[in-house]
Structures are given as C-alpha cells and as structure tokens.
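Working notes for the structure below.
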Amino acid sequence: MATATPHHAPPPGGNQTTTPKTSAPSRAGDRIFRGLSRGSGITLLVIMAAIAVFLTYRAVLAISKNEGDFLTTSEWNPAGNPPVFGIAVLAFGTIVSSIIAMVIAVPIAIGIALFISHYAPRRLASPLAYVVDLLAAVPSIIYGLWGAIFLVPYLGGLNRWLDQYMGWTYVFDKSGEGVARNLFTVGVLLAIMILPIITNVTREVFLQVPRMHEEAALALGATRWETIRMSVLPFGRSGIISASMLGLGRALGETMAVAVVLSPSFLISGHILDPGGGTFAQNIAAKFNEANEFGRDALIASGLVLFVITLLVNGAARWIIGRRKEYSGANA
C-alpha cells in the first residue's frame, strides 16, 4: 500500500525563505536624463572655475607691478611710469549707486506686485503685468539714452530741492552748480532698470500663496492689509529676497546705461549730488579699447573684484534664506 508523502507546512510565525527581488534595470531615458543633468551641473562649475582662474591670473600679473595699493588707491593710471591704479573710487561708486537703486526699487516693486496680485481687477492686472514684462526686455542702452536726454535735465530741480531741504544730512549737500550726472542720477536710473525684474519675481511668488491661508485670515475678521501682512508677506519672504538679489546683481554689473549718464571722475565724495564718480563696469567699458596690454590686465583685476562682490552678494542671500525656516514660506 502506497503511503502519501507527508507535506511539511512551515511552522506558524516561522520565517519563510523568499527569493530576493532584483531591481529593475533603469530605463534608457532615465540614464540619459541623469547624465545630462549631471553634465550640466559639472559644466557650470567648470565654466565658473575657468572664469575665476582667468581673472585671477591676469589680475595677479597687473597687481604685481602696481606701485599703489590696489584696494585703497583712488587713482587710475596703469599706463604711467610707474603704473599706479586702485579700485577705491570704483568700489565706492558701484556700492553707493546700487544702494540708492535698491532703496528706491524694492519698496516700489513690492507695492506693484501686491497691487497686481491682490488689489487690481483682472482686466487691469493682466495689461499692467504685461507692461512690466516689456520693461524688463528694454535694452540697457535705451535706458541710458533716455536717462541722458530726459532724466539728467529734469533731475536738476530735484537735486536743488534735496540740497535746499536735505543738505543738512551732508549726503545731499550739493557743492556748486552743474548737470545731474552724478551717482544719485545713476541710482535712480538703475532703480528704474531693476524695477521690472524685482516686480516680476515677487508677483509670481505672491500668486503662489495658498488660498486657504488668505481665506482663513479673512474668516477670522482680518482686513485686506492684515491678511497680506500675516499671510502673503511671510510666505513671500524668500521670493522677495531672491528677487532683490537678482536686481542687485544687475545694478552692480550695469555698464552702458551708467556709462552714458555718469560723468566719470576719480574722486571719492560723500555728496552724491556732485557730478563725478565711477563704477567697475563703467570704467571697464570706457577704458578697455584705449588700454594697452598691461592696462587691460588692470581692468581685468577690477573685474575680478566685481566678480567676487557678486559671488558674496549671492552667497549672503542664500545664507539669509536658509538661516531661518520661516523664510522658505513652508510654515507660513
């Protein structure tokens, strides 16, 4: 009589031997996309490193033969015997004009962005946003020509008013008469140029505010301004900072508009209404064609300083955004 082979069942709760699952091979599209992404990042780093190495090498060649202090000298004469040049005036003019531009542009840009995103009716918001986008596409030389022909003559009255009523601040104290080809005019022109950039980015951030946050504030009895102050502005902090840094980057490196409007001089003056001054980009554009090989190395050295300032500004912006969690807007 045949006996049945006993079937041994696994003990209750015992471990069962399972065949390990092998991960499915990645698709060709995923591998290509991953390679392209990694290659793009590496390419960007290589380009930045190449620019930094080039600027540093040419700057060292010039600074090693400079008879003055590169950081504190207010004279620019690399063709002299001995060569003497420094960036004190250029750094002062670049920073002052950019600060003026930011002080004027950032509050106005935030106001325009809030009006377009939360106050203006739809039939007005769309055309206004389109006009702001068009302003961002205007070439800088057009702004420069408009500033030289229109802005400079008409800012003379404002300069006299500031001198009369705000001259006690020393900054707005104007010594003598003259056309308004000064750092204040440059700052106003730069503010107009960076206004569309800051407005566009800030507006898009404000439009991403969760609708539930605003409705909850309104349901609790908050006014429109209180809703914006408690819900919209906290959510958009990181966007405002990013937009401001983008605008500051353009203000620091603007060339043609500043070169057309400003009357350059290598004098440092705390009176921003006095004609004169200079910026890194304007000085490079004005002197590059007529400079010899050593003079171009000196200009490249000043460009290296502008390069470093731009990196520091963007690094500071990233540090500010990442320093506090509420800047990200995720907890707003």
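The values are calculated or read from the model by the stated rules, or taken from the named source; none is laboratory data. Treat the numbers as computed from the prediction; the structure is a model and nothing was measured. All Cβ positions, even for glycine, are placed from backbone atoms using ideal geometry, and neighbour counts span all protein chains on display.
Numbers at a glance
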{"item": "Residue in segment 18-26 that is among the small types (Gly, Ala, Ser), within 53 Å of the chain's Cα centre (by Cα), part of a loop (DSSP other than H, G, I, E, B) and at pLDDT 55 or above present", "result": "yes"}
{"item": "Residue, nearest to the chain's Cα centre (by Cα), within segment 63-83, restricted to residues that are surrounded by 15 or more Cβ atoms within 10 Å (Cβ to Cβ), farther than 29 Å from THR185 by Cβ and of a type outside the set (Gly, Ala, Ser)", "result": "ILE63"}
{"item": "Single residue of segment 237-266 satisfying the filter (charged (D, E, K, R) and outside any loop (DSSP other than H, G, I, E, B)) that is nearest to ALA113 (Cα to Cα)", "result": "ARG237"}
{"item": "Residue in segment 230-247 that is among the aromatic types (Phe, Trp, Tyr), in contact (Cβ under 8 Å) with a residue 40 or more places away in the chain and out of contact with any helix residue (DSSP H, G or I) (no Cβ under 6 Å at 6 or more places or on another chain) present", "result": "yes"}
{"item": "Residue list for segment 100-123, restricted to those being at pLDDT 90 or above, surrounded by fewer than 18 Cβ atoms within 10 Å (Cβ to Cβ), more than 17 Å from the chain's Cα centre (by Cα) and not aromatic (Phe, Trp, Tyr)", "result": "GLY111"}
{"item": "Some residue of segment 267-277 being under 30 Å from PRO210 (Cα atoms), modelled with pLDDT under 90 and either part of a helix (DSSP H, G or I) or touching a strand residue (DSSP E or B) at 6+ places or on another chain (Cβ under 6 Å) (or both)", "result": "no"}
{"item": "Counted residues, segment 30-80 - those being without any contact (Cβ under 8 Å) to a residue 40 or more places away in the chain and assigned to a loop (DSSP other than H, G, I, E, B)", "result": "8"}
{"item": "Residue match in segment 142-157 (condition: closer than 17 Å to PRO196 by Cα and without any contact (Cβ under 8 Å) to a residue 60 or more places away in the chain)", "result": "yes"}
{"item": "Considering residues of segment 161-192 that are exposed (fewer than 15 other Cβ atoms within 10 Å of the Cβ), without any contact (Cβ under 8 Å) to a residue 24 or more places away in the chain and not aliphatic (A, V, I, L, M) only, the residue farthest from ILE108 (Cα to Cα)", "result": "GLU177"}
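Matching residues to (1) among the aromatic types (Phe, Trp, Tyr); (2) more than 27 Å from ILE240 (Cα to Cα):
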{"position": "GLY157", "(1), (2)": "no, yes"}
{"position": "ARG160", "(1), (2)": "no, yes"}
{"position": "TYR170", "(1), (2)": "yes, yes"}
{"position": "VAL186", "(1), (2)": "no, no"}
{"position": "MET193", "(1), (2)": "no, no"}
